[in-house]
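Q: Pasting a structure here, questions to come.
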Number of protein chains: 2
Amino acid sequence: MQKSNTKISMAVIRRLPKYRRYLEELLDKGINRISSRELSKIIGFTASQIRQDLNNFGGFGQQGYGYNVAALYEEIGKILGLDNVYNTIIIGAGNLGQAIANYTNFEKAGFIPKAMFDINPRLIGLKIRDIEIMDADNIEEYIKENNIDIGIICTDKEHAQDVADKLIKSNIKGIWNFAPTDLNVPEHIMLENVHLSESLYTLSFLLKHNREQEDV
Amino acid sequence: MQKSNTKISMAVIRRLPKYRRYLEELLDKGINRISSRELSKIIGFTASQIRQDLNNFGGFGQQGYGYNVAALYEEIGKILGLDNVYNTIIIGAGNLGQAIANYTNFEKAGFIPKAMFDINPRLIGLKIRDIEIMDADNIEEYIKENNIDIGIICTDKEHAQDVADKLIKSNIKGIWNFAPTDLNVPEHIMLENVHLSESLYTLSFLLKHNREQEDV
DNA sequence: TAGATTGTTAATCGATTAACAATC
DNA sequence: TAGATTGTTAATCGATTAACAATC
């Protein structure tokens, strides 16, 4: 669907989930048609930007009419790969790992937690929902035997690179990293970081300088 | 410290925590001097960008020498407001709220969780570490009586705006929002969102299109 | 002092916005 | 058909990179 050769910028990619979220809300309200101008008012991007963004992936609108909400929602889901199912494992079964294991919305979107791993013998063998916490020694074996796509790193920063190395060796496809460190990962493995403290420190900056963000 | 009138872009602000993190690592290694060129190699920004970024806030370097690691680390901490102490409350005492309450690194950086709130009677009265889970009906009263600076919203999306409204009424200074929705907040209240599903969907896009990120 | 490296200005690059012809 | 709104090109704006004089 993406136009030939054009390289989509990360700025555009990171806006896509937000489009999808607002389109879902419109769907829930039973609205089945929207113009870039109307969408602009509720989502806060300019109408021009909305049209530019969407046209990176094809002409989803119709002149004189606007966009079909259901169709556009569906298309953006496909662009994001949410029509796929991904098998995931969570490494680090502390509070954060458990929070993610319990968060069923990810599962609804196709990200299935198959197992959790920890080094703490007190946690090994427990289950979160129906997801077993296993010994971290078995990560590589488990990935290979169970077709795991994504590894979610919820360890402390000291263990994160070791875990990442195991994931890499086992031919994982992507890593979602919550450890407060930057991981070394080969180019063919996709990496997305969630650096919570960087987000908190940004809020701290804004508080200190009493400045609202211009963008979301 | 910030130069008069110049408005610092969010892009710069969001890089500051990363500078601080790498400088901390250098400190731990006992390195007390670094040039923009050397820092560039380990942090991955261009040397030019590093110098530009830092010069938004003043001349911290010395020609022919570079930057003093300890001093720069300290300065960036101050710029981020990490020399302050913030009182926080966590609203929503589910797994995510508990994970944040248990994450002592935030406390070390000056963000003190004073109380948690929930509407679930089974949770009310429990303690996470020494942080009590209280009835969400008491949020407004508690904020006013305890000098709370930051509200951390860990509820589901259905309750998030209601909670935000209570925080706003109680003159909170900042909101750190983990609920998967955009909040309506007046301009004088600082808002920082952590939209986990947007991050996960971005990873999904990268997997589908097998593309590494050019940045971070 | 000579060499190194900053601070800062200028050039480039990329992303956003504006404008409008195409067309439903 | 006339009006509305897209898709797309051109203009603008902002952020990044390059270059180099200042200076430690």
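Q: Could you list all residues from the stretch A:30-73 that are away from chain B (no Cβ under 14 Å), away from DNA strand C (no atom under 13 Å from the Cβ) and touching a helix residue (DSSP H, G or I) at 6+ places or on another chain (Cβ under 9 Å)?
A: Answer for the stretch A:30-73, where residues must be away from chain B (no Cβ under 14 Å), away from DNA strand C (no atom under 13 Å from the Cβ) and touching a helix residue (DSSP H, G or I) at 6+ places or on another chain (Cβ under 9 Å): A:Ile31, A:Asn32, A:Ile34, A:Glu38, A:Gly58, A:Val69, A:Ala70, A:Leu72.
Q: Still on this structure: For the stretch A:17-42, which residues satisfy the criterion of being farther than 13 Å from A:Leu54 by Cα, in contact (Cβ under 8 Å) with a residue 24 or more places away in the chain and within 12 Å of DNA strand D (Cβ to nearest atom)?
A: A:Arg33, A:Ile34, A:Glu38
Q: Since A:Trp176 meets every condition but one in (1) at pLDDT below 95; (2) within 7 Å of another protein chain (Cβ to nearest Cβ), which condition does it not meet?
A: It fails just one condition, (1).
Q: From A:Gly61, A:Gly66, which residue is touching a strand residue (DSSP E or B) at 6+ places or on another chain (Cβ under 9 Å) and on the phi > 0 side of the Ramachandran plot? Spell out the reasoning first.
A: Details: A:Gly61 fails: on the phi > 0 side of the Ramachandran plot.
Exactly one of A:Gly61, A:Gly66 is touching a strand residue (DSSP E or B) at 6+ places or on another chain (Cβ under 9 Å) and on the phi > 0 side of the Ramachandran plot, namely A:Gly66.
Q: Among the residues of the stretch B:86-101, is any over 30 Å from B:Val163 (Cβ atoms) and within 14 Å of chain A (Cβ to nearest Cβ)? Quick ask: steps written out before the conclusion?
A: Of the stretch B:86-101, the ones over 30 Å from B:Val163 (Cβ atoms) are none.
No, that holds for no residue.
Q: What single numbered condition from (1) more than 8 Å from chain B (Cβ to nearest Cβ); (2) within 20 Å of the chain's Cα centre (by Cα); (3) hydrophobic (A, V, I, L, M, F, W, C) fails to hold for A:Phe111?
A: The failed condition is (1).
Q: Sticking with this one: Before we move on, is A:Leu82 within 14 Å of chain B (Cβ to nearest Cβ) and out of contact with any strand residue (DSSP E or B) (no Cβ under 6 Å at 6 or more places or on another chain)?
A: Values: within 14 Å of chain B (Cβ to nearest Cβ): yes; out of contact with any strand residue (DSSP E or B) (no Cβ under 6 Å at 6 or more places or on another chain): yes.
Here the answer is yes, as A:Leu82 does meet what is asked.
Q: For residues that are more than 7 Å from chain B (Cβ to nearest Cβ) and within 27 Å of A:Tyr86 (Cβ to Cβ), tally how many sit in the stretch A:192-216.
A: The number of residues fulfilling the criteria is 1.
The values are calculated or read from the model by the stated rules, or taken from the named source; none is laboratory data. Everything numeric in this text was worked out from a predicted model, so none of it was measured. Please note: Cβ atoms are built from the backbone with ideal geometry, for glycine as well, and neighbour counts cover all protein chains shown.
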